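Notes to accompany the following structure.
What follows is calculated from the coordinates using simple rules that are stated; it is not laboratory data. Worth saying up front: this structure is predicted, and the values here are computed from it rather than measured. As a convention, Cβ positions derive from the backbone with ideal geometry for all residues, glycine included, and neighbour counts pool all protein chains shown.
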Amino acid sequence: MMGIVGYSSRSEAIRDAIRSHISEQRMYGKVKEDVFNAFMFLYREGESERARIDRTRSQFSRLIEAETSFRIGDSRNITVLLAKGKSDEVRVLTSRIRGIRGIEQTRYIMTEQ
C-alpha cells in the first residue's frame, strides 16, 4: 500500500498522517477567525439526499462562494463547495453535509484567509 500511495516507508506515511491531523486540529481551534474551506463530498443521487443537500446549501448560502458538481456513473455525484466565513460557521456547514444520509465520503481543506 505504501508504494501505491507514494510513501517509501511506513514511518513516512505515519508522519504525514500525524502532520495532517495536527494541522486539522489547529484550524478547529481557531473558533472565530476568517477561514477559506474547500469541501468535497461524494454521494448517491436520490430525491431525499438532493433535497437535504439543497436545503443545507440554502441555509449556508452566505458562506458558499462557489460550487461545482460532477456525475459519476448512473447514480453517484461528487460536489465541491468553496466557502469562506468564520471558522465556527464553516465547521457547522461541513458537519451538516457530513450528517446527510447517502453521503459516502468527504474531504476538506481549511485555511486562514
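Some notes on this structure:
- D_trans [Stokes-Einstein, Kirkwood Rh over alpha-carbon pairs] for the chain, 4 °C, 1.567 mPa s, µm² s⁻¹: 84
- Between residue 42 and residue 113, the simple spin-label model (points 7 angstrom out along Cα→Cβ) gives 3.2 nm.
- In the chain, the sites counted are trypsin sites (Lys or Arg not before Pro) in DSSP loop states with at most 15 other Cβ atoms within 10 Å, and the longest stretch holding none of them, exclusive of the sites, is 63-100.
- Placing +1 on each Lys and Arg Cβ and -1 on each Asp and Glu Cβ, with no other charges, gives the chain a dipole about its Cα centre of roughly 240 debye.
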